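Colleague: Following this message is one structure expressed as structure tokens.
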Amino acid sequence: MEDFKFEHVSVLLDEICDFLDPKETDIIVDGTLGLGGHTKELLKRTEGQARAYGFDLDSRNLQIARNRLKGFDGRVSYINDSFSSFDHYYKVMKMDGIDKVVLDLGLSSPHLDIAEHGFSFKRRGPLDMRYSRKQKITAATLINKLPSDQLAMILKSFGELSNAKLIARKIVEERAVSPFKYTDEFATRIEVCFHPKDRVKGLTCVFQAIRIAVNDELRTLSKGLESLYNHLSSNGRIAVISYHSLEDRIVKNFFRKLEKPLETDPEKSLKSIYADPLVEMITKKPVKPGDKEVEVNPRARSAKLRVIRKI
Ligand SMILES: C[S@@+](CC[C@H](N)C(=O)[O-])C[C@H]1O[C@@H](n2cnc3c(N)ncnc32)[C@H](O)[C@@H]1O
């Protein structure tokens with residue numbers, strides 16, 4: 001393994017803490033614990049008995065977070081699973097309402113920095129892209145096995161690539177010669193699909209699309225939001241940081257439906273098609289990192305934060 005530090009600079013850290021405003025007795029759920037940066041700061045701010053439940057699909061990140069959060073022993077539970085399975089853990093761990101939720105979606109810096117994770121075309125690694133090692137399907141499975149039309153659908157829907165069909169055909173043509181094994185090799189063999197000046201952007205979109213498909217990220221997000229919201233106490237808050245438009249759209253639409261729920265009472269619906277709001281939109285527009293933060297941490301540049309409070 002390359003020599004590197006397990007580091008991840010938490011994005012919009014102050015904003016998350018200010019908006020979630022943790023209280024002494026809060027039950028906090030960090031659905032994407034990563035290296036524990038957001039949870040650590042949230043717990044630090046409470047100084048009391050606030051408890052946290054940290055989910056991460058990646059057991060390696062969970063272990064790093066556990067070491068980093070040693071000072072909060074007994075106040076954090078570590079769960080090596082998806083936040084979309086929250087319902088299950090809510091019952092099993094006998095939780096009784098939750099007060100603050102943070103989701104900081106996608107991958108952590110070690111995922112990109114460690115070649116073995118196979119998320120980056122800038123360094124040679126196996127075509128993996130799984131957050132969870134328990135999962136069988138890897139990027140190599142999809143790239144080497146899926147029919148052309150399904151590959152094109154993934155590239156179009158999750159990478160928003162206008163030349164998705166062309167790239168899919170190129171993948172199928174190339175893998176007939178020899179299956180793809182490595183991230184950098186895959187990138188080199190399909191890069192002819194892009195104009196040289198669009199190469200990096202194009203490949204980034206291809207890798208994003210495959211990563212979303214491998215980890216079923218969009219369905220997971222919808223399911224997880226629903227479940228976390230259902231267990232949120234009145235006055236509880238949910239903060240979500242997303243990194244691309246597909247994720248942000250899901251978060252925005254989910255929050256909007258709660259802010260303006262459709263009236264189901266036929267009598268009342270004669271007066272208004274909307275029922276009373278179920279949440280207050282704390283962030284009227286998505287909050288983005290300032291220039292200073294992006295300068296220090298360029299990976300924060302596409303972040304968008306949305307926060308709601310349950311009424
Ligand atoms: C951006 S990082 C979180 C960083 C963290 N907020 C911090 O400050 O250190 C996202 C983390 O979420 C994890 N992850 C991605 N999808 C997940 C899911 N559905 N359930 C649980 N963890 C997930 C990834 O493995 C990664 O460690």
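The values are calculated or read from the model by the stated rules, or taken from the named source; none is laboratory data. Source: prediction; values computed, not measured. Here the Cβ positions follow ideal geometry from the backbone for every residue, glycine too, while neighbour counts run over all protein chains shown. Just so you know, the surface numbers come from the protein's heavy atoms only, side chains and all, with ligands and any DNA or RNA stripped out. Shrake-Rupley method; radii C 1.70, N 1.55, O 1.52, S 1.80 Å.
Colleague: Once neighbouring chains are kept in place and the probe is 1.4 Å, which whole percent of the accessible area of the chain is contributed by carbon and sulfur?
Modeller: 52
Colleague: Per residue, how much accessible area does the chain have with a 1.4 Å probe, in Å²?
Modeller: Spelled out: the 1.4 Å probe surface of the chain, per residue, equals 51 Å².
Colleague: If the convex hull of the alpha-carbon atoms of the chain is projected onto planes in all directions, what is the mean projected area in square nanometres?
Modeller: Computed as one quarter of the Cα hull surface, the answer is 18.4 nm².
Colleague: Mind ranking 249-257, 87-95, 299-307, 99-107 by how tightly packed they are, going by the mean number of other C-beta atoms within 10 angstrom, highest first?
Modeller: Top of the packing list down: 99-107, 299-307, 249-257, 87-95.
Colleague: Need one word for the range 43-85: rounded, prolate or oblate. Basis is the Cα gyration tensor (sqrt eigenvalues a ≥ b ≥ c); a/c below 1.5 gives rounded, then a/b vs b/c decides.
Modeller: oblate
Colleague: Moving on. Rounded, prolate or oblate for the range 199-249? Axes are the square roots of the Cα gyration tensor eigenvalues, ordered a ≥ b ≥ c, and the cut-off for rounded is a/c under 1.5.
Modeller: Since a/c reaches 1.5 and a/b is larger than b/c, the shape of the range 199-249 is classed as prolate.
Colleague: Report the GluC sites (Glu not before Pro) located in the range 213-311 that are in a DSSP loop and have at most 16 other Cβ atoms inside 10 Å of their Cβ, or state none.
Modeller: Taking the range 213-311 and a limit of 16 other Cβ atoms within 10 Å, the loop GluC sites (Glu not before Pro) found are E263, E267.
Colleague: Taking K and R as +1 and D and E as -1, what net charge do the other residues with C-beta under 12 Å from the C-beta of S245 add up to?
Modeller: 0
Colleague: When each pair of different Cα atoms in the range 116-216 is counted once in the 1/r mean, what is the Kirkwood radius in angstroms, to one decimal?
Modeller: Result for the range 116-216, one decimal place: 13.2 Å.
Colleague: At K94 and T204, where each label point lies 7 Å from the Cα along Cα→Cβ, what is the point-to-point distance in nanometres?
Modeller: Distance between the two pseudo-spin positions: 4.9 nm.
Colleague: Using a cut-off of 20 Å between alpha-carbon atoms, which lysines can reach K288, once sequence neighbours fewer than 8 places away in the same chain are excluded?
Modeller: In chain and number order, the partners are K252, K304.
Colleague: Taking the Cα atoms only, what angle lies between the long axis of helix 164-177 and the longest principal axis of the chain, rounded to 10 degrees?
Modeller: 50
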